[in-house]
Amino acid sequence: MLFFPDFNKIHASHHIPHFKIINNKLYFYCYVTIINKVCSFSIYMIKKILRNLKKPQKIPGKILSKIELAINKKKYDKNLFINKQDQIFKKLNLDRDLGQKKLTEIKKNYKALNNRGIPFSEHEVLFSSLSCNSMLNINEILEIGTYDGANAFLLSLLFKNSNIETIDLESNKDDFKNFYNRNDDINKFLELRNNYLSKSDRISFNEINSINLINYKKKYDLIWIDGAHGYPMVSMDILNSIRLINDQGIIMCDDVWINNIVSDKMYSSVAAYETLNELKKEGLINFDLIFKRLDASSNCLEKKRKFVAVISLIPKKK
Ligand SMILES: C[S@@+](CC[C@H](N)C(=O)[O-])C[C@H]1O[C@@H](n2cnc3c(N)ncnc32)[C@H](O)[C@@H]1O
């Protein structure tokens, strides 16, 4: 016969459902897990319903979007996009399989890198593949937009001989506090970030708005543009990066939307794409786009598809 423990005596160890024999009776401990899950799901649903009720006129549009997503998810051929992605990597002289293997090995040892609460992005495979290419000499890296510092830490693991400089807005500024849900518990966020950034002495961090890159003189071999994604900031970041990159260096720009209808200064915009196209038209750069995500939910709708741009300089004519 199965017994359940006294609810009042349940403590943290009962988070994981498990069986226990006490005085020849088989007990099943699972309350905290189930109650936690039910509570957080109910709170999430209540918040969602309240948010929707604030703008009832948007509800039909949202329902239609969900239906459109469901239909396109069914039709999505993931293998087709994996093949396309492989081809773009090949064009860039990169071995995507090798990159994936190295990344998987690293993440076996650093499991926290898998649990960031953000869906997996192919930029990590791109970094990993770059690190596997012995023709490239990547020593000095600049990251614009540190967030929680996990990516800077990953870079330090991939590029063993590199120095990584990473910059983010000052944490007392409104744009830092009001985006990325950091205001709820900013100290916890900063603690997590400090933890990642202190894991390697090859990482240096500066609290500085990327506009100030205008005064930087140092040259980098790899620049990761991942700060604000809209106008005017991403355009300035791209121009500054072009000035700061070594001739053979690589600039990568995250979250490139190519046909976005809703636009904002921080998360989503066509700003990077439009800026890169103008620079390409002028013969200053070349760029390729890789798919940022390959899972059906993120990639099946063309209008919501995001890319990572890989940018190289076109040598100046003498
Ligand atoms: C998408 S997150 C960066 C993610 C991180 N690079 C990664 O790969 O995990 C964007 C970060 O850029 C920062 N940011 C936004 N505008 C910025 C600016 N003008 N200068 C520096 N950082 C900025 C934000 O505060 C945020 O932490």
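Some points to look at:
- Members of region 159-171 found to be surrounded by fewer than 17 Cβ atoms within 10 Å (Cβ to Cβ), within 12 Å of the ligand (Cβ to nearest atom) and either among the polar types (S, T, N, Q) or within 30 Å of residue 137 (Cβ to Cβ) (or both), listed by number: 171
- Across region 289-317, the qualifying residues are those that are part of a loop (DSSP other than H, G, I, E, B) and touching a residue at least 60 places away in the same chain (Cβ under 8 Å), and the one among them that is nearest to residue 83 (Cα to Cα) is 294.
- Criterion (among the hydroxyl-bearing types (Ser, Thr, Tyr) and surrounded by fewer than 20 Cβ atoms within 10 Å (Cβ to Cβ)) met by exactly one of 180, 220: 180
- Meets criteria (within 16 Å of the ligand (Cβ to nearest atom), under 21 Å from the mean Cα position of the chain (by Cα) and surrounded by fewer than 20 Cβ atoms within 10 Å (Cβ to Cβ)) for residue 113: yes
- Against the list (1) more than 9 Å from the ligand (Cβ to nearest atom); (2) touching a residue at least 24 places away in the same chain (Cβ under 8 Å); (3) of a type outside the set (Phe, Trp, Tyr), the condition residue 198 fails is (2).
- Helices (runs of 4 or more DSSP H) contained entirely in region 132-202, each with at least 2 residues that are closer than 24 Å to residue 251 by Cα and in contact with a Gly (Cβ under 7 Å, 6 or more places away or on another chain): 186-197
- Scanning region 176-188 for residues that are near the ligand (Cβ under 9 Å from one of its atoms) and modelled with pLDDT under 95 yields 179, 180, 182.
- Of all residues in region 125-138, none are surrounded by 14 or more Cβ atoms within 10 Å (Cβ to Cβ), modelled with pLDDT under 95, under 22 Å from the mean Cα position of the chain (by Cα) and within 16 Å of the ligand (Cβ to nearest atom).
The values are calculated or read from the model by the stated rules, or taken from the named source; none is laboratory data. Note that this is a predicted model, so its numbers are computed, not measured. Using ideal geometry, Cβ is built from the backbone for each residue, glycine included, and neighbour counts are taken over all protein chains shown.
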